[in-house]
1. If you check GLY160, GLY181, GLY146, which single one turns out to be surrounded by fewer than 17 Cβ atoms within 10 Å (Cβ to Cβ) and in the same structural domain as PRO245 (by TED's automatic domain parsing)?
2. Quick check: is even one residue across region 246-255 in a strand (DSSP E or B) and either at pLDDT 95 or above or out of contact with any Phe, Trp or Tyr (no Cβ under 9 Å at 6 or more places or on another chain) (or both)?
3. State whether the residues of region 269-285 include one that is out of contact with any strand residue (DSSP E or B) (no Cβ under 7 Å at 6 or more places or on another chain) and hydrophobic (A, V, I, L, M, F, W, C).
4. Give region 219-277 a look and list any residue that's within 14 Å of the chain's Cα centre (by Cα) and of a type in the set (Phe, Trp, Tyr), or say none.
5. May I ask you to list the residues in region 112-126 that are of a type in the set (A, V, I, L, M) and farther than 12 Å from VAL138 by Cβ?
6. Being hydroxyl-bearing (Ser, Thr, Tyr) and under 13 Å from PHE255 (Cα atoms) is the filter here, so list the residues in region 143-187 that pass it.
7. Counting only residues that are in contact with a Leu (Cβ under 8 Å, 6 or more places away or on another chain), farther than 20 Å from VAL207 by Cβ and at pLDDT below 90, how many does region 143-192 have?
8. Search region 189-209 for residues that are over 18 Å from TRP258 (Cβ atoms) and pair each with any residue that is of a type in the set (Asp, Glu) when their beta-carbon atoms are under 6 Å apart and the residues are at least 6 apart or on different chains.
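The values are calculated or read from the model by the stated rules, or taken from the named source; none is laboratory data. What you are looking at is a predicted structure, and each value in this text was computed from that prediction instead of being measured. Neighbour counts are summed over all protein chains in view; Cβ atoms, including those assigned to glycine, are modelled from backbone coordinates with ideal geometry.
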Amino acid sequence: MNDLREELDRALRAVPVSAAPVERAKRDGRRIRTRRRAALLAGALAVAAVAAGYPALTGSGAAPAPAPLTGHPAPSASPSSTGMAVNAYPAPVATEAPGGLASKDGQVAAGTVGDMKWQVSVVPPGQENPVPADSCYVITVSDITGTCNDIPALLSHGLGASQPAAFTVLSDDDTTATVVGEATADVTYLIVTFAGGQQLKLIPVTVGGRRYVAWMAPLSMTVDSVTAHLGGPYSDSGQTATAVPFQPPGRLPVFGLWQRAGETAPPRDTQVIASGTTGGHAWKVTAHEGPWGTCFSIGSPGSSCVPVAKLDTTTLLDFAGGNPPDQAFGAAAPGVATVRIALSNGKTVTVHPVGVGNEDLFAFPTGPGVTPVSWTAYDAAGHQVGRLVSAS
């Protein structure tokens, strides 16, 4: 069963058509999906959290941002500026190491959501994990410990200068989200800013040779941004990189595109790019461009996002709607007016890209077990301007 789960997880990330650079980037793990798995969670209206037992919360509005680290911070059990208690659990057993704080017991974060206490621990790869080759994380809520949730190995594949951290998100009760992230060695700490102005300061903790952060918050607290302060484990260079997640109200945040100070974010726009009825079931694909990159949703809680600043080549991006997929979507190069896609069942689909922000995007139905095998692009005069045939 675990082998099947691993194969399905990897199959969902496979791209059967197009060798464009964005496709390779996604196969290397640069696109992060929201995933829904079992957890022991409860809703609340406020959040406080700590990493390695250190205060991580600032108040909203007029409260100053957390001060940058200049060295190893001193532990503290004092309340946050909002009056909510931190250190709901004992501080993780961690030591100061050259590569940053290292946890001896696997615990990387703990705190409270309202009056609910929680903690997150990471288990390195091993047979006790749902996918033995990957790490997994355990959530403990009010002294009740859940199962170990897989942290896909590909989460760390895209980490580097352009992506200082990556996150996996889960929720089981549609009211509370748990976010677990992995950070590079250059990250000193991260600041999570919520729509109401509340902030969390997260200090990476090393388990099994990798640096992790975690937090829990109600879905009603929309995440505005996550900013990584860069330099090293114990010194802030003053350089930052910021990720703005795609998070519709009440949905899980999807993190992807990171930008340095001074970089221009993609324009914000939302458009329905395709809709119809297939097999008696109505469907609709909506595209959202913004500082997160480009995300596609089909009305379900999950979204699929491509973390690039602009999609400007003709390519098929992903599938959605189930396994096998029912819809597919893609992007068109400037000047492309029509794209004809040949499917594995012998049929052909013709689409007309829709303008979304500074991109041209499209979507189309496929059907159970049906995949694209080739596409041909045409300009407004009907001249062929691009073509790709699947290598398979």
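1. GLY160
2. Looking through region 246-255, none of the residues is in a strand (DSSP E or B) and either at pLDDT 95 or above or out of contact with any Phe, Trp or Tyr (no Cβ under 9 Å at 6 or more places or on another chain) (or both).
3. Yes - at least one qualifying residue is present in region 269-285.
4. The answer is PHE246, PHE255, TRP258.
5. Answer for region 112-126, where residues must be of a type in the set (A, V, I, L, M) and farther than 12 Å from VAL138 by Cβ: VAL113, MET116.
6. Passing the criteria: only THR168.
7. Counting residues in region 143-192 that are in contact with a Leu (Cβ under 8 Å, 6 or more places away or on another chain), farther than 20 Å from VAL207 by Cβ and at pLDDT below 90 gives 8.
8. ALA195/ASP224
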